[in-house]
Ligand SMILES: CC(C)(COP(=O)(O)OP(=O)(O)OC[C@H]1O[C@@H](n2cnc3c(N)ncnc32)[C@H](O)[C@@H]1OP(=O)(O)O)[C@@H](O)C(=O)NCCC(=O)NCCS
């Protein structure tokens, strides 16, 4: 697979929504919400297969809000490529929350050098599932 990552434009949102819909563990956001954030789109052989939504919170902190790769394109390095593009675009420390039972996502983040900072008890599904808070310290970040 030839993987390419680029910033998503408004015209890409339907493709992003379709990918999101195919990713049950991803947060299911209304289309309109994307325009408030930064969205990266992953293409495999020219086809949209993955996305990542994030925001710069302050000058030294960013947050990964949503990430997904269609099932047919998983384990090909698309998720990893999206995280690398995020790190290039975001400034400072990047934080995220991931559901404790989400083995695939936690494996991806761990392999990409993210560290576990703590848990938020009962964060998902009406208090039944914990969130793990993870952080990636960008090497140029202050402190
Ligand atoms: C998590 C997700 C984005 C990973 O995307 P991906 O493109 O398959 O990830 P990659 O191919 O880049 O995987 C890189 C590494 O992550 C780890 N990993 C990925 N999927 C894994 C799985 N199912 N089990 C264990 N480790 C996994 C592996 O270490 C993998 O390297 P390897 O394939 O050489 O072993 C994808 O599974 C997904 O869309 N899941 C549903 C949505 C979701 O959970 N989003 C995260 C919300 S916080």
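The values are calculated or read from the model by the stated rules, or taken from the named source; none is laboratory data. What you see is a predicted model, and the numbers here were worked out from it, not measured in a lab. Every residue, glycine as well, gets a Cβ built from its backbone with ideal geometry; the counts of neighbours run over all protein chains shown.
Residue 69 passes all but one of (1) within 10 Å of the ligand (Cβ to nearest atom); (2) in contact with a strand residue (DSSP E or B) (Cβ under 9 Å, 6 or more places away or on another chain); (3) free of Cβ contacts under 8 Å to residues at least 60 places away in the same chain; (4) farther than 24 Å from residue 33 by Cβ; which number fails?
Unmet for residue 69, out of (1) within 10 Å of the ligand (Cβ to nearest atom); (2) in contact with a strand residue (DSSP E or B) (Cβ under 9 Å, 6 or more places away or on another chain); (3) free of Cβ contacts under 8 Å to residues at least 60 places away in the same chain; (4) farther than 24 Å from residue 33 by Cβ: (4).
Mind counting the residues in the range 19-36 that are more than 13 Å from the ligand (Cβ to nearest atom) and either within 20 Å of residue 104 (Cα to Cα) or loosely packed, with under 15 Cβ neighbours inside 10 Å (or both)?
Step one: of the range 19-36, the residues more than 13 Å from the ligand (Cβ to nearest atom) are 30-36.
Of the ones still in play, those that are also either within 20 Å of residue 104 (Cα to Cα) or loosely packed, with under 15 Cβ neighbours inside 10 Å (or both) are 30-33, 35-36.
Residues flagged as more than 13 Å from the ligand (Cβ to nearest atom) and either within 20 Å of residue 104 (Cα to Cα) or loosely packed, with under 15 Cβ neighbours inside 10 Å (or both) within the range 19-36 amount to 6.
Would you please list the contacts, defined by Cβ atoms under 6 Å and residues six or more apart or on different chains, that run from a residue in the range 15-34 that is at pLDDT 95 or above to a residue that is within 8 Å of the ligand (Cβ to nearest atom) and assigned to a loop (DSSP other than H, G, I, E, B)?
That search, which allows pairs on different chains as well, returns 19/70; 20/26; 22/70.
Restricting to the range 39-58, and then to whatever is within 9 Å of the ligand (Cβ to nearest atom) and more than 18 Å from residue 98 (Cα to Cα), can you tell me which residue is surrounded by the most Cβ atoms within 10 Å (Cβ to Cβ)?
Within the range 39-58, the first condition is being within 9 Å of the ligand (Cβ to nearest atom), and the residues that meet it are 42, 49-50, 52.
Next, only the ones that are more than 18 Å from residue 98 (Cα to Cα) stay: 42, 49.
Values: 42: 28, 49: 24.
Selected residue: 42.
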